[in-house]
Amino acid sequence: MTPTDQERYEELARKWMNGTITDQEAKEYAVWYNQLDDNPLDLPYSFARDQEEHRKRMLDSIRRQMPAVGKGRIRLIRLTAAAAVLVLLAGVGYIYYTSTRKSSWPLAKVQAPGFKNDVLPGVSKAVLTLADGRQVTLDSAAVGLLARQGAASVTNADGVLLYHPSADGEKSLLYNTLTTRKGQQYPVTLSDGTKVWLNSASSLRFPVIFAAGERRVELSGEGYFEVAADAARPFHVSVNNTNVEVLGTAFDLNGYVDEDNTRTTLLDGAIRINHQVTLRPGQQSRVDAAGAIRVVDDADAEGEVAWKNGQFHFRKMDIATVLRQVERWYDVEVVYEGPKTTDLFTGDLPRTSTLTELLTILQYANVHFRLEGQRLTVLP
């Protein structure tokens, strides 16, 4: 750095610390920070004794600012075990990058995405399979009365599938199935008033009218449930080797077969897992393929239901876990050309983002991709 550049860098560093830096100055600061690489930086002793103290002060500053980040901003954090670097991308968001290299200034220079195409985010859409096998596509065009199923009428209004019980009609147990493909999600209100939000690549099988003694549904994939209270009829959800029993509550149930375990996260009320373990709000059960149950006391409940609220919410996730969510929401095939990075990712961004917008953020954390049609390749 020339003396003039040094003075300018110190000025921007001070503005960053006290929160007066403008968007344009933040971009300038980020570029210089990236270019430092292994070169030493001379800082006034009154500002920071060394680069390590400078780094810590920057991280403290970003932690103070992160709660104020609005919904229109994107944050991505990449975490590993060595030195940390921070960069502010004005108008885009925050990236907190920690490299496996030993350099004290290890942030790699940003590469242009160079994608051949883009992929739009998922939509509110599903297929309803009726008791007689007929199928109805649910989207913005499917409105009003769709069918009569036994003692229930089935309607679609404002993007929600609704079951209305009636005194007339057949009382026998008839089942419908709501199915979402990759890139789709859909909500349904069952005949007892229970609300279910179905995530992508999932299905819910349920009776159009519940029996007198209990309420049972079968889930594949992931769903968020707000169960209507009915002490006389316990509510059961079955997925994989997990049974969730509830009287009235709100919980998220993730039973994707490509995940390591089936996760049930309780937000409100009380539920019992496999007739063995009762969860309190904020707890999560994890049932592995052998049926063993582990309870997590401080579950990230907000994060587990972020998909329902239109957000990606990554917390110390490896790249494979992140990209499994990408596969489901954008309906792409993910392949790896080399070994998977061992770095972990933490961040939030809206599920309304296009795929290249999400990938561009990931590439700022030095993970690179090739997108060709619906095939996403993770480059070595």
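Structure data summary
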read-out: Residue pairs meeting the criteria (Cβ under 6 Å; at least 6 apart or on separate chains; first under 15 Å from residue 205 (Cβ atoms), in the stretch 126-139; second assigned to a loop (DSSP other than H, G, I, E, B) and not small (Gly, Ala, Ser)); value: 131/174
read-out: Condition check for residue 171: at pLDDT 95 or above and either of a type in the set (Ser, Thr, Tyr) or part of a loop (DSSP other than H, G, I, E, B) (or both); value: no
read-out: Qualifying residue in the stretch 129-136 (condition: outside any strand (DSSP E or B), crowded, with 18+ Cβ neighbours inside 10 Å and at positive phi); value: no
read-out: Matching residues in the stretch 15-35 - criterion: being modelled with pLDDT of 75 or more and in a helix (DSSP H, G or I); value: 15, 25
read-out: The lone exception for residue 246 - which of (1) buried (at least 20 other Cβ atoms within 10 Å of the Cβ); (2) modelled with pLDDT of 95 or more it fails; value: (2)
read-out: Counted residues, the stretch 224-239 - those being of a type outside the set (A, V, I, L, M, F, W, C) and assigned to a strand (DSSP E or B); value: 4
read-out: Some residue of the stretch 333-349 being outside any strand (DSSP E or B), in contact (Cβ under 8 Å) with a residue 24 or more places away in the chain and closer than 26 Å to residue 197 by Cα; value: no
read-out: Condition met for residue 321 (among the β-branched types (Val, Ile, Thr), farther than 30 Å from residue 192 by Cα, surrounded by 19 or more Cβ atoms within 10 Å (Cβ to Cβ) and out of contact with any Cys (no Cβ under 6 Å at 6 or more places or on another chain)); value: no
read-out: All positions within the stretch 137-160 that are small (Gly, Ala, Ser) and not in a strand (DSSP E or B); value: 140, 141, 142, 150, 151, 159
read-out: Complete set of residues in the stretch 208-224 that are out of contact with any Ser or Thr (no Cβ under 7 Å at 6 or more places or on another chain) and aromatic (Phe, Trp, Tyr); value: 224
read-out: Hits in the stretch 176-212 - residues which are in a loop (DSSP other than H, G, I, E, B) and of a type in the set (S, T, N, Q); value: 191, 194, 199, 200
read-out: Qualifying residue in the stretch 309-319 (condition: modelled with pLDDT under 95, assigned to a helix (DSSP H, G or I) and outside the structural domain of residue 227 (by TED's automatic domain parsing)); value: yes
read-out: Qualifying residue in the stretch 240-254 (condition: over 22 Å from residue 181 (Cα atoms), of a type in the set (Gly, Ala, Ser) and in a strand (DSSP E or B)); value: yes
read-out: Criterion (within 29 Å of residue 292 (Cα to Cα) and surrounded by fewer than 18 Cβ atoms within 10 Å (Cβ to Cβ)) met by exactly one of 238, 203; value: 238
read-out: Single match in 300, 331 (criterion: charged (D, E, K, R), at pLDDT 95 or above, over 18 Å from residue 219 (Cα atoms) and in contact with a Lys or Arg (Cβ under 7 Å, 6 or more places away or on another chain)); value: 331
read-out: Selected residue [surrounded by fewer than 20 Cβ atoms within 10 Å (Cβ to Cβ), out of contact with any helix residue (DSSP H, G or I) (no Cβ under 7 Å at 6 or more places or on another chain), among the small types (Gly, Ala, Ser) and farther than 19 Å from residue 119 by Cβ] from 310, 303; value: 303
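Residue by residue, here is whether (1) of a type outside the set (D, E, K, R); (2) out of contact with any Lys or Arg (no Cβ under 7 Å at 6 or more places or on another chain) holds:
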site	(1), (2)
227	yes, yes
236	yes, no
246	yes, yes
249	yes, yes
292	yes, yes
308	no, yes
338	yes, yes
341	yes, yes
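The values are calculated or read from the model by the stated rules, or taken from the named source; none is laboratory data. Keep in mind that what you see is a predicted model, and the values were worked out from it rather than measured. Cβ coordinates were reconstructed from backbone atoms using ideal geometry, including for glycine residues, and neighbour counts include every protein chain displayed.
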